[in-house]
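Comments concern the structure below.
The values are calculated or read from the model by the stated rules, or taken from the named source; none is laboratory data. Remember, it's a predicted structure, so these values are computed and weren't measured experimentally. Cβ atoms come from the backbone with ideal geometry, glycine included; neighbour counts cover every protein chain shown.
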Amino acid sequence: MDFDLMITSFPKLLAATVVTLKLLSASLFFGLLLGLFFAILRINKNIFINKFAYGYSYVFRGTPLLVQIFIIYFGLGQIEYLRTTFLWVILKEPYWCAIIAFTLNTGAYTSEILRSAFQTIKPGIIEAGKSLGISNKIIFYKIQIPIAIRQSLPAYGNEIILMMKGTSLASTVTLMDLTGVAKYIISTTFKPIEVFIVAGGIYLFMTFIIHNLIKFLEKKYSFQ
Amino acid sequence: MELLAFGKTGWGDELFYATLMTIAVSITAMLVGFVFALIFTPLKISKYKTLNLVGNFYTTVIRGVPELLVIYLFFFGGSGAIMYVASIFGYYEYIEINAFITGSMAIGIISGAYSTEVFRGAIQSIDKGQFEAAKVLGINKFGQFYKIILPQMLRLAIPNLSNVWQITLKDTSLISVTGLVEIMRQSYVAAGSTRDPLFFYSFAAVLYLLLTYISMKLINKLEVRYSRGY
């Protein structure tokens, strides 16, 4: 055990954790909006809109995240037309490519989580709202969405942890996030176990925080 | 389309073999995972606190750390660890481990953590009376587990194991960083030499979609088979 390496690599890895957290928070924020949008499309009665939303979530849940990142980072740059538009400013940056890929990926999972939450809301609750003379729009925003969010908290907590692990793939498109820096230190020192313990410890600590945060929210917003 | 031709002119045959490699790694990793699950599930449901701790440590660490980091640990640390063990037995030559073995071990350990959770959940949801009845009938511990508990457990575990299979299948794409030629690696090579990454990565996505679709259909059949009588 090389404790000196563990101590000297800790600040470097901690600095890289900031990149990981930035990627995670940006993709979760956009992913939640996208997921909510597609979940609403999924409960739409129009079969085409419905199938479109299902297709989106099926494709992004059925393929590895690595393929999605590579298509966006390496693939989209190949289209000549894109290079001439303002989109190229975003797409040439690996940072934004990673965020786009993560957003699309977590959006697909989130839409499934929210959809099942919407569908488990008891019809009686909506009927009660209607009989009180509340408009459909208000029922949706003030009754259905809050209940759906509470219902989906446990599953969404898992998704946050999965996404946190997913951000490690940013290292494959040259971003120096926690895993990227860990790999760099391993490949220069050839001491995989020490670096794994430190980097893995940081990841576990983040998992622990997220897990407890979700537990706290679940308790706070429980019906009982 | 000529990019996908078989033979020397296209990448069709290479991608076909790469797909077979992905399937082979996934199945091996899943089986390695079952072995780990068979070791760690009893630890997690054991009466002894220390054994619980060991089981929980395994599942918590593996499920809380990115797959890529675990793969790097195995890729860079695998041959070192084997050489260390070999040196205890007096063998000092350089040993290189095959990328297939490293990859399926790394993915297997990850998949094992998920399988362990699935099996634990399945065992705990079996009615207590089943255990007691088996005991009363004088069936030994071995028979209790293999003849009474396991068949009931499998039925409950299959839907969740199908999720584990999907995760494992998708995780194998990460082994491409170690140079094992599976779908992702082959697409990377093809994309590099033809300068057509969009086509090859999209094709890789289609291959993965096909694999997940077909395996879903097969698992659904299995599910029906194991639910006979319910």
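Specify the residue that is nearest to B:Y84 (Cα to Cα); the eligible residues are those in region A:175-192 that are touching a helix residue (DSSP H, G or I) at 6+ places or on another chain (Cβ under 6 Å) and at the interface with chain B (Cβ under 7 Å from one of its Cβ atoms).
Restricting to residues being touching a helix residue (DSSP H, G or I) at 6+ places or on another chain (Cβ under 6 Å) and at the interface with chain B (Cβ under 7 Å from one of its Cβ atoms), the top hit is A:P192.
Would you tally the residues in region A:12-61 being polar (S, T, N, Q), within 14 Å of chain B (Cβ to nearest Cβ) and either under 15 Å from A:L104 (Cβ atoms) or surrounded by fewer than 20 Cβ atoms within 10 Å (Cβ to Cβ) (or both)? Break it down stepwise before answering.
Of region A:12-61, the ones polar (S, T, N, Q) are A:17, A:20, A:25, A:27, A:44, A:46, A:50, A:57.
Now drop any that are not within 14 Å of chain B (Cβ to nearest Cβ), which leaves A:17, A:20, A:57.
Next, from what is left, pick out any that are either under 15 Å from A:L104 (Cβ atoms) or surrounded by fewer than 20 Cβ atoms within 10 Å (Cβ to Cβ) (or both): A:17, A:57.
Matching residues across region A:12-61 total 2.
With the structure loaded, tell me whether B:K217 is more than 14 Å from every other protein chain (Cβ to nearest Cβ), assigned to a helix (DSSP H, G or I) and either basic (K, R) or within 26 Å of B:L3 (Cβ to Cβ) (or both) or whether it fails that test.
Details: more than 14 Å from every other protein chain (Cβ to nearest Cβ): no; assigned to a helix (DSSP H, G or I): yes; either basic (K, R) or within 26 Å of B:L3 (Cβ to Cβ) (or both): yes.
So B:K217 does not fit the description; no.
For B:E96, state whether it is within 25 Å of A:G201 (Cβ to Cβ) and among the charged types (D, E, K, R).
On the way: within 25 Å of A:G201 (Cβ to Cβ): no; among the charged types (D, E, K, R): yes.
When the stated conditions are applied, B:E96 does not pass them.
Check whether at least one residue in region B:122-131 is in contact with a helix residue (DSSP H, G or I) (Cβ under 6 Å, 6 or more places away or on another chain), among the hydrophobic types (A, V, I, L, M, F, W, C), in a loop (DSSP other than H, G, I, E, B) and modelled with pLDDT under 90, and report yes or no.
Yes, there is a match, as at least one residue in region B:122-131 is in contact with a helix residue (DSSP H, G or I) (Cβ under 6 Å, 6 or more places away or on another chain), among the hydrophobic types (A, V, I, L, M, F, W, C), in a loop (DSSP other than H, G, I, E, B) and modelled with pLDDT under 90.
Limited to region A:62-93, what total is found for residues that are within 17 Å of the chain's Cα centre (by Cα) and more than 7 Å from chain B (Cβ to nearest Cβ)?
So the count comes out to 4.
What helices (runs of 4 or more DSSP H), lying completely within region B:8-104, carry at least 2 residues that are of a type in the set (F, W, Y), surrounded by 20 or more Cβ atoms within 10 Å (Cβ to Cβ) and within 14 Å of chain A (Cβ to nearest Cβ)?
Working: elements: B:12-44, B:49-64, B:67-88.
The helices (runs of 4 or more DSSP H) meeting that bar are B:67-88.
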